[in-house]
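Participant: Before anything else, here's the structure in question.
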Amino acid sequence: MTDTPKSGSIFTQTGLMAKRNASEKRFRFYGLVAVVASLMMLAFILFTIFSAGLSSFRQTTVTFSLELTEAKLDPKGGRDPAKLAKVTTVGYNKLIGTGFAAAIKEHGIEIEGLTDKDAAGFLSDEAAANLRDRVLADPTLIGQTVEINALVMGRIDGFMKGRVTAESAANDSNISAEQLALAKALDDKGLLHLSFNPAFITGTDASDTRPEAAGLGVAILGSAYMMLLVIVLALPVGVAASIYLEEFAPKNKLTDLIEVNISNLAAVPSIVFGILGLAIFINFAGLPQSSSLVGALVLSLMTLPTIIIATRASLKAVPPSIRDAALGVGASKMQTTFHHVLPLAIPGILTGAIIGLARALGETAPLLLIGMVAFVREYPGAPPAGFSDPASALPVQIYQWTQRSDPAFVERASGAIIVLLVFLLVMNTTAILLRRRFERRW
Amino acid sequence: MNDMRIVERLVETQGNKISARAVQVHYGTSHAIKDVDVDILDKTVTAFIGPSGCGKSTFLRCLNRMNDTIAACKVTGKITLDGEDIYDARVDPVQLRAKVGMVFQKPNPFPKSIYDNVAYGPKIHGLTRSKAELDEIVESCLRKAALWNEVKDRLTAPGTGLSGGQQQRLCIARAIATSPEVLLMDEPCSALDPIATAQVEELIDELRDQFSVVIVTHSMQQAARVSQRTAFFHLGNLVEYGETGQIFTNPRDPRTESYISGRIG
């Protein structure tokens, strides 16, 4: 440097300076490109999901009046619930089919080549089941003529949503051109409604052939139960373990080993936790399969390392001067930790907990192994007994629906993903609000 | 305070508060304090001076066993407080620290209100029976720390929102709230501006009535201004210990003389 002559004006850039500036510009550009690329991918994913899934929150129904003939539904009379229940959905199916055919005629709709079978097949099997539930709940309806809102079959629903067209129907044995014509005619008369479908959120899953009736109720309940249990199980245990390891445990080979193992556990594939859960909780401890209790135990095991690592990091980040200050006025180790260190670490702990919970909420693989992939049509009971009832979970439900052949399930699965994302959003928002509250205190 | 008055300052002979005999401190393999003997008098300000890394802070932290929190640190020798060995197995360091308070280099108020900062010590030691008593302690400690007039209208405001000098005086108020017998100060003014430093020094001089104060300082002027007795540490050794006036005007050891005149340090 000594032989460098005094450089010229500061208005002219030196060669090295230009190079440095150029490299900084380049680096900023790379960063911007990365951000834009990731935002575009995110937007693409969200667009795909929402464009495919939003329609699942609406469902097509057909409205017509139907006489609930006593001869069919309560042949012996007397409205005895036990006897009423003997009439199965098959009976109702016939009733509703003939009623629908009559309603078509009544409205003066004539479709050439429309068979009775076509007309009956226009409606979902679920419509009969719904009607039966309604009658069993209120037997006084028998003998009256009631207005019913019957679910139509999935293909017709798809036609109303634009998924099924005349061209695609031509190659589809499940739907005939006549049925499509009927749908058009009914729609013209204002009898077909595409309206909000609460059953998608509250209803239970339905079989392969009835996508129009499939709902997320059991999965939402199962996921909610599991999250509740994971918070109760993993958060106190994880936080207590980290406090002990970070503040109280002697620093020796054993605690080093524990620390290394916790970091490794955080990286273990989740399916391994599933196998562990299967072996320990189901085969060894004999807990019920498919239950949200076992699911939550497995997810807790999986979440613990994440919570411990985050909690330890946030405990470490508390400035040592605070510990000194507390010890200096004669606070005990525990008072120092609980009065001063932990409150400062809470925002970080919450962040870690929410990352762990979010991962647990979206986890599928370990749940497959403990039997939560089963087809569950019954709602789990109220807690705490309901924790051991079979349940499904949102990600597993999505996985199941994507496996099914009926294209209507694509829409259902996308809708379920939206519900899952809303769940995540709610959880994250809660965490952010809690964090704010604790941060704002000082 | 005038630096020139140091010679004429009287040192009242007081009883020993803390006696250290043959104290050795090891940090792992390094030998931080080598065979230190010191008697700290009651109701006196004792200054520890010396170049960086000479062990004065380490020795100070031995006096209330703050070094216990450092796993690698090993203290041998004997330190007594009023004749009782503070490293005795029966001593609970937590209880000891209520008697030997400490103020740190960087102001470190708790991220709580001003009131809670001062009230915390009395609360955990169960020194008060009622809210009124606690209020009284808080007020008197803040008054003693010359902070009351500045903060009396905002006792619920966070202590971290005060200025650096105010924060350090708050830390002093917090330390004296547990009514300690000895107050250790580890370079309490190193993060403060000259005005705040002057306020804290004045405060230290007032505190001398009630406590035995031990202050570690980098500034020789400060040691000369506030202390009655001074200990000079160098490379882990206690080189010289005596009355402040004598250390600064007539040091016996050549190393003390070179440090004071600025040749080493």
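Participant: Out of the stretch B:179-191, which residues are open to solvent by less than 10 Å² (accessible area, probe 1.4 Å) and either within 10 Å of chain A (Cβ to nearest Cβ) or within 22 Å of residue B:155 (Cβ to Cβ) (or both)?
Facilitator: B:180, B:184
Participant: Working only within the stretch B:208-265, note down all residues that are open to solvent by 40 Å² or more (accessible area, probe 1.4 Å) and acidic (Asp, Glu).
Facilitator: B:209, B:243, B:257
Participant: Run down A:304, A:299 and say which single residue is at pLDDT 90 or above, more than 27 Å from residue B:69 (Cα to Cα) and in contact with an Asp or Glu (Cβ under 8 Å, 6 or more places away or on another chain).
Facilitator: Of the residues listed, the single one that is at pLDDT 90 or above, more than 27 Å from residue B:69 (Cα to Cα) and in contact with an Asp or Glu (Cβ under 8 Å, 6 or more places away or on another chain) is A:299.
Participant: Okay, moving on. Can you go through A:80, A:74 and tell me which one is assigned by TED's automatic domain parsing to the domain that holds residue A:129, over 30 Å from residue A:122 (Cα atoms) and not aromatic (Phe, Trp, Tyr)?
Facilitator: So the residue among A:80, A:74 that is assigned by TED's automatic domain parsing to the domain that holds residue A:129, over 30 Å from residue A:122 (Cα atoms) and not aromatic (Phe, Trp, Tyr) is A:80.
Participant: For residue B:142, are the conditions met, namely being modelled with pLDDT of 90 or more and assigned to a helix (DSSP H, G or I)? Steps first, answer last, please.
Facilitator: Numbers: modelled with pLDDT of 90 or more: yes; assigned to a helix (DSSP H, G or I): yes.
In short, yes.
Participant: Going residue by residue through the stretch A:314-333, is there one that turns out to be assigned to a helix (DSSP H, G or I) and within 30 Å of residue A:391 (Cα to Cα)?
Facilitator: Checking the stretch A:314-333: not a single residue is assigned to a helix (DSSP H, G or I) and within 30 Å of residue A:391 (Cα to Cα).
Participant: Now for a separate question. Could you tell me which numbered condition residue A:286 fails, if it satisfies all but one of (1) at pLDDT below 90; (2) open to solvent by 70 Å² or more (accessible area, probe 1.4 Å)?
Facilitator: With respect to (1) at pLDDT below 90; (2) open to solvent by 70 Å² or more (accessible area, probe 1.4 Å), residue A:286 is out only on (2).
Participant: Would you be able to say whether some residue in the stretch B:43-55 is open to solvent by 10 Å² or more (accessible area, probe 1.4 Å), at pLDDT 85 or above and farther than 16 Å from residue B:74 by Cβ?
Facilitator: yes
Participant: Residues that are surrounded by fewer than 22 Cβ atoms within 10 Å (Cβ to Cβ) and not in a loop (DSSP other than H, G, I, E, B): does the stretch A:204-215 have at least one?
Facilitator: no
This table checks each residue for (1) touching a residue at least 24 places away in the same chain (Cβ under 8 Å); (2) at positive phi; (3) assigned to a helix (DSSP H, G or I).
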residue: A:59; (1), (2), (3): yes, no, no
residue: A:66; (1), (2), (3): yes, no, no
residue: A:79; (1), (2), (3): yes, yes, no
residue: A:99; (1), (2), (3): yes, no, yes
residue: A:111; (1), (2), (3): yes, no, no
residue: A:149; (1), (2), (3): yes, no, no
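Participant: Okay, moving on. Taking the criterion of being under 17 Å from the mean Cα position of the chain (by Cα) and surrounded by 15 or more Cβ atoms within 10 Å (Cβ to Cβ), would at least one residue in the stretch B:111-118 satisfy it?
Facilitator: No.
Participant: Could you count how many residues in the stretch A:307-341 are open to solvent by 40 Å² or more (accessible area, probe 1.4 Å), within 12 Å of another protein chain (Cβ to nearest Cβ) and charged (D, E, K, R)?
Facilitator: Residues in the stretch A:307-341 being open to solvent by 40 Å² or more (accessible area, probe 1.4 Å), within 12 Å of another protein chain (Cβ to nearest Cβ) and charged (D, E, K, R): 2 in total.
Participant: If you go through the stretch A:35-43 one residue at a time, do you hit one that is among the β-branched types (Val, Ile, Thr), under 40 Å from the mean Cα position of the chain (by Cα) and in the same structural domain as residue A:120 (by TED's automatic domain parsing)?
Facilitator: Scanning the stretch A:35-43, I find no residue that is among the β-branched types (Val, Ile, Thr), under 40 Å from the mean Cα position of the chain (by Cα) and in the same structural domain as residue A:120 (by TED's automatic domain parsing), so the answer is no.
Participant: Quick one: count up the residues across the stretch A:50-69 that are over 22 Å from residue A:123 (Cα atoms) and either open to solvent by less than 30 Å² (accessible area, probe 1.4 Å) or of a type in the set (D, E, K, R) (or both).
Facilitator: Quick first cut of the stretch A:50-69, residues over 22 Å from residue A:123 (Cα atoms) only: A:50-54.
Cutting the leftovers down to either open to solvent by less than 30 Å² (accessible area, probe 1.4 Å) or of a type in the set (D, E, K, R) (or both) gives us A:53.
Final tally of qualifying residues: 1.
Participant: Can you work out which of the residues in the stretch A:230-283 that are away from chain B (no Cβ under 14 Å), among the polar types (S, T, N, Q) and under 29 Å from residue B:69 (Cβ atoms) is least open to solvent (accessible area, probe 1.4 Å)?
Facilitator: Restricting attention to the stretch A:230-283, the residues satisfying the condition of being away from chain B (no Cβ under 14 Å) are A:230-245, A:254, A:257-283.
Narrowing the set further to residues that are among the polar types (S, T, N, Q) leaves A:242, A:261, A:263-264, A:270, A:283.
Subsequent filtering for residues that are under 29 Å from residue B:69 (Cβ atoms) retains A:242, A:261, A:263.
Working: A:242: 0, A:261: 75, A:263: 59 Å².
The selected residue is A:242.
Participant: So, residue A:344, is that one within 14 Å of chain B (Cβ to nearest Cβ) and either crowded, with 18+ Cβ neighbours inside 10 Å or modelled with pLDDT of 90 or more (or both) or not?
Facilitator: Taking the combined requirement at face value, the residue satisfies it.
Participant: Let me ask another. With the checklist (1) open to solvent by 10 Å² or more (accessible area, probe 1.4 Å); (2) modelled with pLDDT of 85 or more in hand, flag the one item residue B:1 doesn't pass.
Facilitator: (2)
Participant: Hey, which of the strands (runs of 3 or more DSSP E) in the stretch B:164-265, taking only ones fully inside, have at least 2 residues that are under 23 Å from residue B:107 (Cβ atoms)?
Facilitator: Result: B:182-186, B:212-216.
Participant: Give the stretch B:148-163 a look and list any residue that's free of Cβ contacts under 8 Å to residues at least 12 places away in the same chain, part of a helix (DSSP H, G or I) and either of a type in the set (D, E, K, R) or open to solvent by 50 Å² or more (accessible area, probe 1.4 Å) (or both), or say none.
Facilitator: B:149, B:161
The values are calculated or read from the model by the stated rules, or taken from the named source; none is laboratory data. Small disclaimer: the values here were computed from a predicted structure and weren't measured. Don't worry about glycine lacking a Cβ; one is built from the backbone with ideal geometry, like all the others, and counts go over all protein chains shown. Areas reflect the complete protein model, heavy atoms only, side chains present, ligands, DNA and RNA absent. Shrake-Rupley method; radii C 1.70, N 1.55, O 1.52, S 1.80 Å.
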